[in-house]
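Let me begin by presenting the structure, written as structure tokens, before commenting on it.
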Amino acid sequence: MIVVITVLTIFGKIFGVYVGVKIFGSGKQYALAIGLSMASLGEFSFIVLKTGMDLGVVSDNLFPIVGMVVVLTTFLGVLMAKKGIKTVEAYE
């Protein structure tokens with residue numbers, strides 16, 4: 001389940017950012033590079049999750065799943081950001 005959520009999160013964020021950047025007129029390589037660099041979730045997810053738990057709208061079972069997804073996307077995000085930089089450099 002953690003792997004599925006991680007993959008969906010990464011590809012969803014890359015696609016969403018790519019489309020958003022393309023709408024504003026940037027080239028494909030820049031849109032892809034920005035999408036790759038924005039794929040990680042970040043620590044703010046923990047704050048939102050904890051607030052949801054305190055309000056009783058998020059299950060306690062969700063915390064370790066989201067925690068692992070945040071950790072995985074953080075580590076993979078660094079690698080993807082490097083790939084994004086190389087993508088832009090290849091087209092310059």
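The values are calculated or read from the model by the stated rules, or taken from the named source; none is laboratory data. As the structure is a computational prediction, the values presented were derived from the model and not from experiment. Heads up, the Cβs are rebuilt from the backbone with ideal geometry, glycines too, and the neighbour counts pull from every protein chain shown. In case anyone asks, the SASA skips ligands and DNA or RNA and just uses the protein heavy atoms, side chains included. Shrake-Rupley method; radii C 1.70, N 1.55, O 1.52, S 1.80 Å.
Side notes on the structure shown:
- Separation in nanometres of the label points that stand 7 Å from Cα toward Cβ, at THR74 and LEU8: 2.3 nm
- Ranking LEU79, LEU55 by solvent-accessible area of protein heavy atoms (1.4 Å probe, all protein chains present), from largest to smallest, gives LEU55, LEU79.
- Among the listed values [x] 19.9; [y] 14.1; [z] 13.6, the one computed from these coordinates for Kirkwood radius over Cα pairs in Å is [y].
- GNM top mover of ILE65, ILE34, ILE23 - the chain, alpha-carbon springs below 10 Å: ILE23
- Applying a length cut-off of 27 Å (Cα extent along the axis) and a mean Kyte-Doolittle floor of 1.0 to the DSSP H helices of the chain leaves 2-23, 62-91.
- Put ILE85, ILE14 in order of accessible area, highest first, and with a 1.4 Å probe you get ILE85, ILE14.
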